[in-house]
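These notes are about the structure you will find just below.
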Amino acid sequence: QVQLVESGGGLVQAGGSLRLSCAASGRTFSSYAMGWFRQAPGKERKFVATISWSGGTIYSADSVKGRFTISRDNAKNTVYLQMNSLKPEDTAVYYCAAAHGPEVAGGFGSWGQGTQVTVSS
């Protein structure tokens with residue numbers, strides 16, 4: 001129902017920052033909660049952060065709390081992930097996902113292609 005394209009990944013030194021963007025497109029734009037997930041080599045995909053359609057409900061993984069901030073601009077159909085104080089263990093492919101409804105309880109049905117984030121020591 002929705003196409004997602006991530007951007008903003010790259011190589012950064014530990015302690016640095018990156019800002020990921022996820023642009024959504026389609027013939028119609030429904031009310032979707034959005035989320036960021038990441039997958040490191042040899043590991044399963046894990047939850048990073050989610051945000052409701054209104055932006056009023058946000059969840060973050062304990063591993064990124066205080067360092068990463070999820071936000072959205074519905075007028076631009078774009079979701080962001082501001083990543084500060086990056087650590088080598090943050091290295092992964094980061095995926096944007098759209099939920100089936102305005103809250104994450106409905107599950108996620110659409111996924112982007114992913115963008116690589118590499119944090120060096």
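The values are calculated or read from the model by the stated rules, or taken from the named source; none is laboratory data. Treat the numbers as computed from the prediction; the structure is a model and nothing was measured. Virtual Cβ from ideal backbone geometry, glycine too; neighbours counted across all protein chains shown. Heads up: the accessible areas ignore ligands, DNA and RNA and are worked out on the full protein's heavy atoms, side chains in. Shrake-Rupley method; radii C 1.70, N 1.55, O 1.52, S 1.80 Å.
For Ser54, the criteria (1) modelled with pLDDT under 95; (2) part of a strand (DSSP E or B); (3) among the polar types (S, T, N, Q); (4) surrounded by fewer than 15 Cβ atoms within 10 Å (Cβ to Cβ) hold in every case but one, which is (2). The set of residues in the range 6-26 that are open to solvent by 60 Å² or more (accessible area, probe 1.4 Å) and modelled with pLDDT under 95 is empty.
Of everything in the range 27-45 that is within 20 Å of Glu103 (Cβ to Cβ) and surrounded by fewer than 17 Cβ atoms within 10 Å (Cβ to Cβ), the residue that is nearest to the chain's Cα centre (by Cα) is Ser31.
Every residue, every condition in (1) touching a strand residue (DSSP E or B) at 6+ places or on another chain (Cβ under 7 Å); (2) closer than 18 Å to Leu4 by Cβ, yes or no:
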{"position": "Lys43", "(1), (2)": "no, no"}
{"position": "Trp53", "(1), (2)": "no, yes"}
{"position": "Arg72", "(1), (2)": "yes, yes"}
{"position": "Thr78", "(1), (2)": "yes, yes"}
{"position": "Gly112", "(1), (2)": "yes, yes"}
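Does Tyr94 satisfy the criteria of being open to solvent by less than 40 Å² (accessible area, probe 1.4 Å), in contact with a Lys or Arg (Cβ under 7 Å, 6 or more places away or on another chain) and within 16 Å of Val119 (Cα to Cα)? For Tyr94, the condition - open to solvent by less than 40 Å² (accessible area, probe 1.4 Å), in contact with a Lys or Arg (Cβ under 7 Å, 6 or more places away or on another chain) and within 16 Å of Val119 (Cα to Cα) - is met. Within the range 9-26, being under 14 Å from the mean Cα position of the chain (by Cα) and closer than 22 Å to Ser85 by Cβ holds for Gly9, Leu18, Arg19, Leu20, Ser21, Cys22.
Using the structure shown, decide if Ala24 is assigned to a strand (DSSP E or B) and either within 17 Å of Ala99 (Cα to Cα) or of a type in the set (A, V, I, L, M) (or both). Spelling it out, Ala24 is indeed assigned to a strand (DSSP E or B) and either within 17 Å of Ala99 (Cα to Cα) or of a type in the set (A, V, I, L, M) (or both).
Within the range 89-101, residues that are within 7 Å of Tyr32 (Cα to Cα) reach no partner that is of a type in the set (Phe, Trp, Tyr) and open to solvent by less than 10 Å² (accessible area, probe 1.4 Å) with beta carbons closer than 6 Å at six or more positions or on different chains. Of all residues in the range 98-119, those being modelled with pLDDT under 95 and crowded, with 19+ Cβ neighbours inside 10 Å number 4.
Within the range 57-79, the set of residues being assigned to a strand (DSSP E or B) and open to solvent by less than 30 Å² (accessible area, probe 1.4 Å) comprises Phe68, Ile70, Thr78, Val79.
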